[in-house]
Amino acid sequence: METSDIAVKERAAASKKLQASDAEALLSSASKLIAIKGKKISTFKAGKDIDPGAIDAMLGPTGNLRAPTIRVGKTLIVGFDQEVLEANLL
């Protein structure tokens, strides 16, 4: 982030475990979710009517929110893919 001159407004410590209720709160304030698991990239509509699959896509095998989780405007990006990040951050 710093190498691309992107300002980070808020960071959460890795020791702070965010779970399904936290994921749902994040989704309710967003309009779009891009969830990345391995090579699979899924896009979900967020907001008031949340697809249960969207929450599942945000959580890892332990039930905690996957990292990184990034909010860009009204878009949430969960997981890492260089091309997705560059397309949405730069």
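The values are calculated or read from the model by the stated rules, or taken from the named source; none is laboratory data. Note that the structure is a prediction, hence the values are computed from the model and not measured. Don't worry about glycine lacking a Cβ; one is built from the backbone with ideal geometry, like all the others, and counts go over all protein chains shown.
Here residue 36 meets the list (1) assigned to a loop (DSSP other than H, G, I, E, B); (2) touching an Asp or Glu at 6+ places or on another chain (Cβ under 8 Å); (3) under 19 Å from residue 85 (Cα atoms) almost entirely, failing just condition (1). Of everything in the range 1-33 that is exposed (fewer than 12 other Cβ atoms within 10 Å of the Cβ) and either assigned to a helix (DSSP H, G or I) or of a type in the set (Phe, Trp, Tyr) (or both), the residue that is modelled with the lowest pLDDT is 2. Scanning the range 18-26 turns up at least one residue that is over 12 Å from the mean Cα position of the chain (by Cα) and of a type in the set (S, T, N, Q). Considering only residues that are surrounded by 14 or more Cβ atoms within 10 Å (Cβ to Cβ) and more than 15 Å from residue 21 (Cβ to Cβ), which ones fall in the range 52-65? Answer for the range 52-65, where residues must be surrounded by 14 or more Cβ atoms within 10 Å (Cβ to Cβ) and more than 15 Å from residue 21 (Cβ to Cβ): just 57.
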